[in-house]
1. Restricting to segment 59-99, what's the tally of residues that are out of contact with any helix residue (DSSP H, G or I) (no Cβ under 7 Å at 6 or more places or on another chain), near the ligand (Cβ under 8 Å from one of its atoms) and not in a helix (DSSP H, G or I)?
2. Could you tell me how many of the residues in segment 104-134 are surrounded by 18 or more Cβ atoms within 10 Å (Cβ to Cβ), closer than 25 Å to residue 275 by Cα and out of contact with any helix residue (DSSP H, G or I) (no Cβ under 6 Å at 6 or more places or on another chain)?
3. Here is a check on your reading of the model: is residue 238 in contact with a strand residue (DSSP E or B) (Cβ under 9 Å, 6 or more places away or on another chain), within 16 Å of the ligand (Cβ to nearest atom) and assigned to a helix (DSSP H, G or I)?
4. Please determine, by comparing only the residues of segment 272-297 that are assigned to a loop (DSSP other than H, G, I, E, B) and at pLDDT 95 or above, which one is surrounded by the fewest Cβ atoms within 10 Å (Cβ to Cβ).
5. Could we say that residue 43 is within 16 Å of the ligand (Cβ to nearest atom), without any contact (Cβ under 8 Å) to a residue 12 or more places away in the chain and surrounded by 13 or more Cβ atoms within 10 Å (Cβ to Cβ) here?
6. Is it true that residue 168 is under 30 Å from residue 326 (Cβ atoms), at pLDDT 90 or above and out of contact with any strand residue (DSSP E or B) (no Cβ under 9 Å at 6 or more places or on another chain)?
7. Among (1) at pLDDT 95 or above; (2) under 25 Å from residue 221 (Cβ atoms), which single condition is residue 125 missing?
Ligand SMILES: C[S@@+](CC[C@H](N)C(=O)[O-])C[C@H]1O[C@@H](n2cnc3c(N)ncnc32)[C@H](O)[C@@H]1O
């Protein structure tokens, strides 16, 4: 796109996002909370530029390509990718309220080349080898452990040979600041003014309320155990955990230990749970699936030597992985 066209497109996308947010606010819709990520046009521009640098500028043939924005939430990232020149972008998410919302704003603005689809039972509803690229941005830090592997193998399935997965996430555990942030979140949202044995944080209490709503017959002890076992899960994931518990009587694996100072650990294997995303581990999983991978610390894919990468991972939470399907 020429500079003038890029500027006009950026202006259009700002106007569209402002109008969507205005509608949500008028309707006092729950999605209005999400709008706090886009307080003004500068924030919209910043996010659009992020996708431009990380995806549109880096993929030859991006203009006219077909791609998938996996974990699209309300679909604003999908809108950016489409408006940056891709011919067709599929926004896919496993949480139906997000997809319903994205589909409803899309109908209001009748935007071409965008399609929002629900990912049911960890399957991406797209054909094999149908995409030139897949973007997974800030999704795995919100994903339940068991669903990450499926998301990666589904990504591989829908990519054309030579297609690229652009992955970015912000909870790299090699960075002490990340671990401090997660510990603080654990104390603030899970423990609150209670103790690790009897948590009272707002996220914990909210899960208890949801679990009650999904199964009013659960005893107090079972409900608390389920709420402890679904640390960091929400919505559909909690519903699934309650359903599984009803059938199998097994609790989900996301326990946190009675130690409010530590990042929540799974006592079964002693590993950190919650929203940690380890770049080395993820790159290893991608390689095992047949991707060539490249971890870096800036969205312009700048290569780093192994020692430089290790040093930078200690100081920054955010990292990128570019993975090409062989
Ligand atoms: C923080 S939002 C990211 C939104 C968007 N990618 C962006 O960059 O603005 C995280 C999204 O990931 C979705 N998600 C969580 N687990 C997932 C999984 N296993 N596969 C695909 N999406 C998932 C959630 O439903 C949520 O909408």
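The values are calculated or read from the model by the stated rules, or taken from the named source; none is laboratory data. Keep in mind the model is a prediction, meaning the values are calculated, not measured. Here the Cβ is made from the backbone with ideal geometry for all residues, glycine too, and neighbour counts use every protein chain on show.
1. Matching residues across segment 59-99 total 2.
2. 2
3. Considered against the rule, which asks whether it is in contact with a strand residue (DSSP E or B) (Cβ under 9 Å, 6 or more places away or on another chain), within 16 Å of the ligand (Cβ to nearest atom) and assigned to a helix (DSSP H, G or I), residue 238 comes out as yes.
4. Applying the filter and picking the extreme gives 290.
5. yes
6. no
7. (2)
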